[in-house]
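Remarks on the structure that follows.
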Amino acid sequence: MAQEESRGRTSQLRGRPSTLPLYAPQVTQWLREDPDLSGAEILRRVRLVGYRDGKSALYELVRRLRVGRPAGVTVAVESPRGPGPVQGITNR
């Protein structure tokens, strides 16, 4: 095929398809149970259940699943005994 003919084509996927979508529901569940679970721990867990693809793809999935997660909210409180050290209350 001439180069001019290939310019109008959309790019085609190369290589084998990812198995990551098979593990996405489990990763979602783990993040619901523990939103602060590290990417490394998630990688360890999916490898135990059979995931053999790359860690970058998995870390990207974890990043996408965490987008929209509400950040912890810190509220300053004051003791009835007057000013003193500010206590942080984190709402998660």
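Structure summary
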| quantity | calculated |
| --- | --- |
| Subset of the range 44-62 (residues that are without any contact (Cβ under 8 Å) to a residue 24 or more places away in the chain and over 15 Å from Leu22 (Cβ atoms)) | Arg44, Lys55, Ser56, Tyr59, Glu60 |
| Criterion violated by Ser11 - all others in (1) small (Gly, Ala, Ser); (2) at pLDDT below 65; (3) surrounded by 10 or more Cβ atoms within 10 Å (Cβ to Cβ) satisfied | (3) |
| Residues of the range 23-41 satisfying the condition of being under 12 Å from Ala57 (Cβ atoms) and either in a loop (DSSP other than H, G, I, E, B) or not small (Gly, Ala, Ser) (or both) | Tyr23, Val27 |
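The values are calculated or read from the model by the stated rules, or taken from the named source; none is laboratory data. Small disclaimer: the values here were computed from a predicted structure and weren't measured. Cβ coordinates were reconstructed from backbone atoms using ideal geometry, including for glycine residues, and neighbour counts include every protein chain displayed.
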